[in-house]
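Heads up, the thing below is written out as structure tokens.
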């Protein structure tokens, strides 16, 4: 594996953060809201995008960003409600949002961008 092929640590950490955010989101959908069909669709769509991001598909990081922004905008009232719903759901919601932000910051850093374009990360 050459330096150009080696995945930057930031991308690996981003994939881990986004994967953890996905798991938290699935837990909220299944345990908090009991909507397994939405959880299944989320797992397939977002999970596929995260795997594609890990496999160096540049389009996937942009698609994942767009899907995440659209989901946040369209579910904003629900997210606001989740922040007032007991103790566990708000904590999971905040953790999910923080993990998503960390993941996207790492995915769009210059080293990661160079790696996705096929150049060396460092």
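Any read-out appearing in this document is the output of simple, stated calculations on the displayed coordinates, not a laboratory observation. This structure is a prediction, so every number in the text was calculated from the model and none was measured. FYI the Cβ positions are ideal-geometry reconstructions off the backbone, even for glycines, and counts take in every protein chain you see.
Points to keep in mind about this one:
- Acute angle (nearest 10 degrees) that the helix 9-27 long axis makes with the longest principal axis of the chain, alpha-carbon atoms: 20 degrees
- The calculated FRET efficiency for residue 41 paired with residue 87, based on their beta-carbon distance and R0 = 30 Å, is about 0.65.
- Full-extension gain in nm, residue 95 to residue 62, via 0.36 nm per residue minus C-alpha separation: 9.7 nm
- Acute angle (nearest 10 degrees) that the helix 58-74 long axis makes with the longest principal axis of the chain, alpha-carbon atoms: 20 degrees
- For the chain, the longest principal axis of the alpha carbon atoms and the long axis of helix 36-54 meet at an angle near 20°.
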